[in-house]
């Protein structure tokens, strides 16, 4: 029995009956893609000059919303056994490294995150911004970020009302625990400084060197609070999140002011 003629008939059948449907589907897909391209081209033509602003604002808003959600989730889980287990394990691990040298280092670092430390840092920044960059706006912006971080930290501590860890404290503390004021203000103050230095048109080696040092300082201040026994790790994480939210939010607002000032039609 010869199967050749039967295969030929089957091929001809699919060629006649299936091709039109495939061709029709192809035409539909092509039409949808074409219409999408037309709509997108109109959008980009209309907002061509504003598109970078829209993208930046969109990303910043998403980061702020995501940060707030993360902070709320962490706060809601403060009294769960899972978080308590992680806090205890991380604290025990960090405290296990206590030594005279590290204690001196972390005490010094934590003092940098105190009131007098920030006053000294602010005086240095004022001198730098006014004498070198000749721009008082950076001083004002840094002051606004600091005030927002400090005031919101006081409010959050009172509302959440979390007690300090019940282990040995290597430094004296008087306020409540969550979120860590040192971690929050360090992230807000030095984090915003990182943002400013990233924007400065200066030598790249100097720029990234300063950014690296400030990053190490922020992390060190956070770890110091756990090492010295005055904060749970979750306090520090919560402080970092809250401080970072202020950095992104303030950077967004300051840039929007700048955009609308120089380009009112935006």
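The values are calculated or read from the model by the stated rules, or taken from the named source; none is laboratory data. What you are looking at is a predicted structure, and each value in this text was computed from that prediction instead of being measured. All Cβ positions, even for glycine, are placed from backbone atoms using ideal geometry, and neighbour counts span all protein chains on display.
When residues in segment 93-123 are screened for being part of a helix (DSSP H, G or I), under 12 Å from residue 224 (Cα atoms) and under 26 Å from the mean Cα position of the chain (by Cα), 6 of them pass. Only one entry in 253, 211 is under 26 Å from residue 68 (Cβ atoms), surrounded by fewer than 20 Cβ atoms within 10 Å (Cβ to Cβ), free of Cβ contacts under 8 Å to residues at least 40 places away in the same chain and touching a helix residue (DSSP H, G or I) at 6+ places or on another chain (Cβ under 6 Å), namely 211. If you go through segment 122-168 and keep only what is loosely packed, with under 10 Cβ neighbours inside 10 Å and on the phi > 0 side of the Ramachandran plot, you end up with just 134. Just one of the listed residues (126, 68, 90) is in contact (Cβ under 8 Å) with a residue 12 or more places away in the chain, part of a helix (DSSP H, G or I), in the same structural domain as residue 245 (by TED's automatic domain parsing) and under 23 Å from residue 197 (Cβ atoms), and it is 126. Within segment 158-179, the set of residues being in contact with a helix residue (DSSP H, G or I) (Cβ under 7 Å, 6 or more places away or on another chain) and free of Cβ contacts under 8 Å to residues at least 60 places away in the same chain comprises 175, 176, 177. Could you tell me whether segment 169-182 includes any residue that is within 20 Å of residue 121 (Cβ to Cβ) and in a helix (DSSP H, G or I)? Checked segment 169-182: at least one residue is within 20 Å of residue 121 (Cβ to Cβ) and in a helix (DSSP H, G or I).
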